[in-house]
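S.K.: First, the structure itself, so that you have it in front of you.
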Amino acid sequence: ALGSLEFLKTWNGGSITAHEEWKNYYSTYTYVVVTPGTDAAMLQEGLDRIPEKVYRGMTLETRDAGYAFKAQSLQAITPGPMLSNSTSGGMPQAVLIFLMVLAGIGMFAALFNYANLTLARSLTRAREVGIRKVSGATRAQLIFQFMGESVIITLVSFLVAETLLRVFLVPAFQSLSFTSELDIRFDPSAGTYLLFAGFALCIGLLAGIIPAMVLSSFNPAIVIKDISKIRMFSGLTLRKTILISEFVVTIILLIVLTTVYRQSEFASKMEYYGFDWRNKINVQLSGTQARVIADEMARFPGVVSYSFASHAMGTWADHTVDVQTDPTKEASVVRDYSVDEHFIETMKISLLTGANLHRSESIGDKVLVNEQFVKSLQLSNNSDAVGKVIYLDKSRPVTIAGVIKDFVFKPVTYAMEPVILTYEPAQWSLVHFKIANGSNKEAISFFESVWKKFNPSIEFSYQVYSDELVSVYSIFTDLGRIIGLLSLLILTIAMLGLLGVASYSVETRTREIGIRKVLGASAMQLINLLSKQYLKLIGIAMLIGLPISLFLSNMILESFAYRTEFGIGIILPAVILLGFLVGLTILSQAWRGAHHNPMTALRQE
């Protein structure tokens, strides 16, 4: 929404001080219209001088020291770099590059496999080429024919792809968390279709050029007399290398996909957050009427208890404060949350020693700290920490009222950190309602009706706590969905490539197979003969792909302080799936060759 400064004054009770403070760099962005031809370097020089001027002598949080202003064009916001407290949601540039690389791999594999399959079936068209050449067809005409076939197939594929794009892919991308604020839609204009058609034409030409050149080069005297003498890529080195590369990429994607999925499941369902997030509804409430509204909502029969807080634990939202055990010592940056006297009871956080916060006490004079706080600030032990005076923001003395058990108050990418719980009603922004089992739907309806009594013109805002914690890891879930789709496509393409190579091998060894059968070779011996070289290729791909996937998976998991274990349970499903599909593809062609009638293969002799 857009609003004027006058509206903000009305909204904030006649004040917009927070929006005008230089300290408010977490939620405020400044947009500047520059004159045409403005030099970007000179603009940045001017921005670099601002912090020294306005922040000199100003008390900032320790972690914010050294902040600077940077100019960013509107076009560079999205896709763009990943920034904390970004002004807009959107696709990070790194994710876009990652998707483009995977799409490029899939496109290259598809081009190779089209050529591979065409060449594998070329023996069935070799005599056609020979007859056409004898009848007067030139090589250029044959090249035009085969490239034309490739282009036609590609254009038909374009029509299918366009339908899939509109019906499935665009809605799927719109459902992703990092694209929720992007306008992703299909533009059915003539320019779009011309662009797509041109792209399809180029792909068709690229895919068809190698088969066209090879097929048109056949010697008519040889192919008409004896097709079996045709050989293409005698060593098959290039084709085998590309095939191995395809399966290396496939095994890497499958294992990384499994890793991302397992970690997302682990993070969203892990049992040791240390606080009770189950059966909770978080309602956005703040201001002077917050307690009145919350008390009214609490009249719902299904409400077991409720408490106020400044932020929802376990999410990305937080606040930090500088803490000193002595005004002369260096400050430590500690995350702090403002809560009420019912918070640790409602959230089932264990109070190890000392006393809870109380409403009757002076606001902000007492705090609760966790075990990690006691260790990090070297306060001896939990009992000795109670009653100690510490200093917040280098000037405000507070007393430690009690020590609570460590709990995971940030997403699982963070290790355990010190935390302070303060009692400052002005900082509260939400209420945690604990609801009896099965009463969520009725409770939400009741809360909304109460909200409308007090704020009829403002939208009611709430979150089911379990859903909110799951959404924290939505970027990883979305990444898993994208990798899964691309893995399926690349796996399918790799299987087609393997099918092409195996089919070609069977076609070129038909006479050899016939002779072996006449001499007494069994079907199993022939299947083993035809399949073992390709099973070796897959083995090589596994040996290359597994260490790379191990490295990438561990790199992903190391970004989490709490993570699932990387082991056989992640590797084995990918290996079994790939092994089954590879075996099925190879054996189907080997079986076909082994059961071919030897008399058909040898009749020309």
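Please treat every number below as a calculation from the coordinates, not as lab data. Note that the structure is a prediction, hence the values are computed from the model and not measured. For neighbour counting, all protein chains shown are included, and Cβ atoms are generated from backbone atoms with ideal geometry for every residue, glycine included.
S.K.: Roughly how far apart, in whole Å, are the Cα centres of the range 284-320 and the range 423-494?
M.R.: Taking the Cα centre of the range 423-494 as reference, the centre of the range 284-320 is 15 Å away.
S.K.: So if the hydrodynamic radius of the range 412-552 is defined as the Kirkwood radius over C-alpha pairs, what does Stokes-Einstein give as its diffusion coefficient at 10 °C and 1.306 mPa s, in µm² per second?
M.R.: Once the numbers are plugged in, D ends up at 69 µm²/s.
S.K.: Pop the C-beta distance of residue 320 and residue 201 into the FRET formula with R0 = 41 Å and round what comes out to the nearest 0.05.
M.R.: For R0 = 41 Å, the calculated efficiency reads 0.15.
S.K.: Something else now. Around residue 538, with a cut-off of 14 angstrom between Cβ atoms, what is the net charge of the other residues, counting Lys and Arg +1 and Asp and Glu -1?
M.R.: Net charge around residue 538: +2.
S.K.: Out of all Cα-Cα pairs in the range 276-430, roughly what percent, to the nearest whole number, are more than 23 Å apart?
M.R.: Counting every Cα pair in the range 276-430, those more than 23 Å apart make up 36 percent.
S.K.: A further question on this structure: Rank by packing, highest mean first: peptides 552-560, 452-460, 28-36, with packing defined as the count of other Cβ atoms within 10 Å averaged across residues.
M.R.: The most tightly packed comes first, giving 552-560, 452-460, 28-36.
S.K.: If I stretch the segment between residue 558 and residue 353 completely, what's the gain in nm (0.36 nm per residue apart, minus their alpha carbon distance), one decimal?
M.R.: 70.4 nm
S.K.: Given H placed on each backbone N at 1.01 Å, which residues far from residue 320 in sequence or on other chains put an amide H within less than 5 Å of it?
M.R.: It is 336, by chain and number.
S.K.: Quick one: 509, 49, fewest Cβ neighbours within 10 Å first, how do they rank?
M.R.: With the sparsest Cβ surroundings first, the list reads 49, 509.
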